[in-house]
């Protein structure tokens, strides 16, 4: 096989193999990350870290991810997204075994910086690979990859909770490393065998007709940032729901601890279902209407979830919010990648990850100034912003 970028015709069987392999990497990413998250309390106890010290150490994940995302876009352009995906996933699965070996908060922070760098890198790399595949398939399958990530996270969290009483953090996270390396060895063979497929020749889309020369380049960069803002609006909601949803139910609506914990579960499950059905939704509505409808639904859902006077109404609102936000991030990343390749994916992912970082502390500040229910309405406000962006970029989003 001639390994050049000119794969204008790639057999359907190879495209299917690539889709399976990339899906496996998305699922593994969610599985590994969730497995680490459920052991954070044990690692805190092991390192004798205070709550503040642990918070600073956990910032290592975020800092490492943000620092490497732009760099990964450049590496994907130079070496291809497939090899970079495999290398970053190997780094991720190896680094997840390191936190139990630390004995202090500074050591933990240093280890998590490496873990975050690998996590950010692999997210940019496999999203870039997915964008190329979506273009070659000419089918709106991007949400299916993110559904795999969500499912992997749910399985990783559930399994981690089950084994937490039987396995030490060291053994549990080492098992994640072994599992991750095995999956990477199998799925990675497919990625390393085939280069990213070139999309079939077609009539230029509105997204590609933004002009030529410097003006056209600036217009594309501007659009990439705009789509990155859609990703930010979505990830802001995810971060806010993960950190503040349960507290709102327990503190403001007097829910039991078990019911409060179900709040994020409702949101995450609804988001997973939304992504599993996302390809069908995109095929029927198109990207623009999907973003507009999703942002509008999420706005209504979060207003209900944050302002409802009863627990069950709030839980319903959380679920509706998850359904609304489900496909906004996949569409934003896919459009950014279609416009600017791996660099576009890197920008959109960085903004999206920034939104996830911004959400929890922003909610906390606003809750101190006003109240937690009022602060949570900011999720609805940003979902509405995403819907407005979808309407304003309807022509560029296309069908």
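Miscellaneous remarks
- GNM result for the chain, Cα springs below 10 Å: residue of 119, 79, 353 fluctuating most strongly: 79
- By the Kirkwood approach, averaging reciprocal distances over each pair of separate Cα atoms, region 325-399 gets a hydrodynamic radius of 13.7 Å.
- Across the chain, counting alpha-carbon atoms alone, Rg and Dmax equal 20.6, 64 Å.
- Unit Cα scatterers, Debye sum, region 273-393: log10 I(q)/I(0) for q = 0.21 Å⁻¹: -1.22
- Region 12-76 - convex hull of alpha carbons, volume per residue in Å³: 92
- Max mean-square fluctuation residue, GNM over the chain, Cα-Cα springs under 10 Å, options 312, 36, 369: 369
- Relative contact order [Cα under 8 Å, 6+ residues apart], region 253-399, whole percent: 33
- Divide the volume of the convex hull around the Cα atoms of region 228-306 by the residue count and you get 86 Å³ per residue.
- For region 1-112: rounded, prolate or oblate by the Cα gyration tensor [a/c cutoff 1.5]: prolate
- Share of alpha-carbon pairs per 5 Å distance bin for region 12-193, given as whole %: 1, 9, 17, 20, 20, 14, 9, 5, 3, 1, 0
No value in this document is a laboratory result; all are computed from the given coordinates. All values reported here derive from a predicted model rather than from experimental measurement.
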